[in-house]
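*Asks:* Once you've had a glance at the structure underneath, I'll fire off some questions.
Every read-out reported here was derived from the displayed coordinates using simple, explicitly stated rules and does not represent laboratory data. Just so you know, these numbers come straight off a predicted model, no measurement behind them. For neighbour counting, all protein chains shown are included, and Cβ atoms are generated from backbone atoms with ideal geometry for every residue, glycine included.
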Amino acid sequence: MMKIFNILGSLALLVTLTTACAVNDPFADNMEIGQVVPTVSWELSDVAKAGGYVNFKAKYYTSSDHNIDHCEVWGLVTRTTSAAATCRLTTSLSYTKTVNSTDTVRNSVLLATFDHSKAEWDGHEYVLVDSFQVSSTLAPVSWVDPEAFDEDRFNMYYPETFQQEFVDHVVEYLTRDSVYYNDLRNIYINYDFTAEQFEALNAKYGFSVPFDTESSEKSKFWYVNTDVVDHYYYITVDDAGVKTEHEIATPEQAPAGVTVYDVYESSPWVFCRYSDDTGGRITSVRKQYMPFWKELINEIPFKDWIYNSSDKNYSVNFTRNYILYPTFRVFDETGKMGKDTEIKQISLN
């Protein structure tokens, strides 16, 4: 004897269900109290190719006094996007900016219809073996480490503010303290700045930071010579705990009772000194020079920050993938519908 999905309700239950239907009742469009609807199950692969066909096997039945009319496959589609870029102009600083998103791009829509005559009775239930096609527009997208940087393609895939936010973060990391001092020095030496950039910033800040197109020459300009003590400094701490470094020409210029430390010969913008905090030398860019360097490296285009000179490509990684959530629905000749309630998902490739 066939099983029948038959919902019967008392008056109290009817009132409860009626109230629920007004808010969010999954049976609202296709079920009424006491109705008989088809019982449905199906199985299919969880991976498919966009533009190809998905094979499935569906099983369903209803009561003897109801006739099946047809079957339908419906599908909801979600899109998952990941957009990342990695800084390659630095060695100590390892920075990757990533933006992820997941959204529904297609609400549940009809994908295919099957006439009931295609199903076969196995003595217990109807069995339908068939397939439905997946849209070719749901093919995944991948753009990873291209040899040429395509600005239009980048703007199509990445958020509008991505480039500027990336550069802002990198510049902030490099200039907020001495942690990435060596990276800042290496950029000065190895990046192909123009003479006009240095001339404009030297004029703006009243400095004379030297410029040369040859990296070997620029490495001589940014230097530290720890064999030569150039002058000295001592530290004071105010009531708020703020430390201030005072540079002096000779130890005798220091107030009584303070410890005097060595400052080593270096470029004008470099502050290389001995520190009790580390028990060794600390090298940093002098605070008054930092706005100069911050503005200079901020002029480096985004694509140059992400260029991998070793692999000769640009370190972007964009992927877009789609997942299809299909449902199988069976309708009888009165329009009543039953469906498989188990959530299925298909990753599209």
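*Asks:* Expressed as a whole number of Å, what is the distance separating the alpha-carbon centroids of the range 54-112 and the range 135-191?
*Replies:* For the range 135-191 versus the range 54-112, the Cα centre distance is 29 Å.
*Asks:* Could I ask something else about it? Please give the FRET efficiency for Asn55 paired with Val105, using the beta carbon to beta carbon distance and R0 = 25 Å, rounded to the nearest 0.05.
*Replies:* 0.55
*Asks:* Report, to two decimal places, the Cα Rg of the range 146-278 normalised by 2.2 N^0.38 Å (N = number of residues).
*Replies:* Rounded to two decimals, the normalised Rg is 1.44.
*Asks:* What do you get for the angle between helix 181-190 and the principal long axis of the chain? Use alpha-carbon atoms, 0 to 90 degrees, nearest ten.
*Replies:* So the helix axis and the longest Cα principal axis differ by about 90 degrees.
*Asks:* Let me ask something else about it. What percentages make up the Cα-Cα pair-distance distribution of the range 234-349 when the bins are 10 Å wide from 0?
*Replies:* Taking every Cα pair in the range 234-349, the percentages come to 9, 19, 16, 12, 10, 10, 9, 7, 5, 2, 0.
*Asks:* Shifting gears a bit: Can you bin the chain into rounded, prolate or oblate? Criterion: square roots of the alpha carbon gyration tensor eigenvalues sorted a ≥ b ≥ c, rounded for a/c under 1.5, prolate for a/b above b/c, oblate for the rest.
*Replies:* Note, shape of the chain comes out prolate.
*Asks:* Okay, next question. Suppose only helical runs count, i.e. DSSP H with n ≥ 4. What mean residue ellipticity at 222 nm does that imply for the chain under -39500 (n - 2.57) per run, divided by all residues and rounded to the nearest 500 deg cm²/dmol?
*Replies:* It comes out at -6000 deg cm²/dmol, rounded to the nearest 500.
*Asks:* How tilted is helix 162-175 with respect to the longest principal axis of the chain? Cα atoms for both, answer in degrees (0 to 90, nearest 10).
*Replies:* 30
*Asks:* What does the range 75-144 give for Rg and for Dmax, in Å, if only its C-alpha atoms count?
*Replies:* Rg, Dmax (Cα atoms, Å): 22.2, 71.
*Asks:* Which residue, Phe302, Tyr188, Leu324, has the largest displacement toward the positive end of the dipole of the range 188-346 when charges sit on each Cβ (Lys, Arg +1; Asp, Glu -1)?
*Replies:* Leu324
*Asks:* Something else: Answer rounded, prolate or oblate for the range 39-92, using the Cα gyration tensor with square roots of eigenvalues a ≥ b ≥ c: rounded when a/c is under 1.5, else prolate when a/b is larger than b/c, else oblate.
*Replies:* Judged from the Cα gyration tensor, the range 39-92 comes out prolate (a/c at least 1.5, a/b above b/c).
*Asks:* Ok, one more. List, in the order given, every pair from Lys220/Lys312; Lys218/Lys243; Lys312/Lys344 whose Cα-Cα distance in the structure shown is over 31 Å.
*Replies:* Going by Cα-Cα distance, Lys218/Lys243; Lys312/Lys344 fall outside the 31 Å limit.
*Asks:* Compute the distance in nm between two label points, each set 7 Å from the Cα along the Cα-to-Cβ direction, one at His124 and one at Ser136.
*Replies:* 4.2
*Asks:* Would you mind working out the magnitude of the charge dipole of the chain relative to its Cα centre, with +1 at each Lys and Arg C-beta and -1 at each Asp and Glu C-beta, to the nearest 20 Debye?
*Replies:* Taking the Cα centre of the chain as origin, the dipole is about 560 debye.
*Asks:* Okay, moving on. How many times 2.2 N^0.38 Å is the alpha carbon radius of gyration of the range 179-240?
*Replies:* Dividing the Cα Rg of the range 179-240 by 2.2 N^0.38 Å gives 1.49.
*Asks:* Which GluC sites (Glu not before Pro) from the range 184-257 combine a DSSP loop assignment with at most 10 other Cβ atoms within 10 Å?
*Replies:* Hits after loop and neighbour filter: Glu214.
*Asks:* Now, a different point. Subtracting the Cα-Cα distance from 0.36 nm times the residue separation, let me have the gained length for Ser82 to Ser284 in nm, one decimal.
*Replies:* 69.1 nm
*Asks:* Relative to 2.2 N^0.38 Å, what does the C-alpha radius of gyration of the range 129-213 come to as a ratio? Two decimals please.
*Replies:* Computed over Cα atoms of the range 129-213, the ratio equals 1.84.
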